[in-house]
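The values are calculated or read from the model by the stated rules, or taken from the named source; none is laboratory data. Bear in mind that the values here come from a model prediction, so they are computed numbers and not experimental data. Here the Cβ positions follow ideal geometry from the backbone for every residue, glycine too, while neighbour counts run over all protein chains shown.
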């Protein structure tokens, strides 16, 4: 399989997450760049295998932007996200980070980033 014209064996790049590089723990968005690359190649299952939370984040960002644009076009002013929405997102991110770092759960919450896949 190729992704954006690159062979599959060339797709994995360096580990850019400072949290993972220094502690070995996966942050909520570790694998998000790879997931986005797979989404741009129309490979939803590949994207979800890298990081389902990053895919959900991208969907939420698009929905928030559409909602904001609709409000602006109709003459209303609104924030991109309310404080309650940001609090809910932050809690979900913390919960996902904790759960994905529990032993063995990487196999379900990002198997493409599991032990041995990245150095």
Over segment 70-93, the set of residues part of a helix (DSSP H, G or I) and surrounded by 11 or more Cβ atoms within 10 Å (Cβ to Cβ) is 70, 71, 72, 85, 86, 87, 88, 89, 90, 92, 93
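Within segment 94-119, work out how many residues are part of a helix (DSSP H, G or I) and free of Cβ contacts under 8 Å to residues at least 12 places away in the same chain.
Of all residues in segment 94-119, those part of a helix (DSSP H, G or I) come to 94-100, 105-107, 111-113.
Still in the running and free of Cβ contacts under 8 Å to residues at least 12 places away in the same chain: 95, 98-99, 105, 107.
The number of residues fulfilling the criteria is 5.
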Filter segment 14-34 for residues that are in contact with a helix residue (DSSP H, G or I) (Cβ under 8 Å, 6 or more places away or on another chain) and over 21 Å from residue 91 (Cβ atoms); the one that is modelled with the lowest pLDDT is 15
Those residues of segment 38-58 that are more than 22 Å from residue 98 (Cα to Cα) and surrounded by 19 or more Cβ atoms within 10 Å (Cβ to Cβ) come to a total of 2
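What number of residues within segment 30-69 satisfy the criterion of being outside any helix (DSSP H, G or I) and touching a residue at least 60 places away in the same chain (Cβ under 8 Å)?
So the first thing to find is which residues in segment 30-69 are outside any helix (DSSP H, G or I), and the list is 30-31, 41-43, 51.
This time we only want the ones that are touching a residue at least 60 places away in the same chain (Cβ under 8 Å), so: 30-31, 51.
Result for segment 30-69: 3.
Of all residues in segment 94-108, which are touching a helix residue (DSSP H, G or I) at 6+ places or on another chain (Cβ under 7 Å) and modelled with pLDDT of 75 or more? Show your work before the answer.
Looking only at segment 94-108, we keep the residues that are touching a helix residue (DSSP H, G or I) at 6+ places or on another chain (Cβ under 7 Å), and these are 96, 99-100, 105-106.
Within segment 94-108, 96, 99, 100, 105 meet the criteria.
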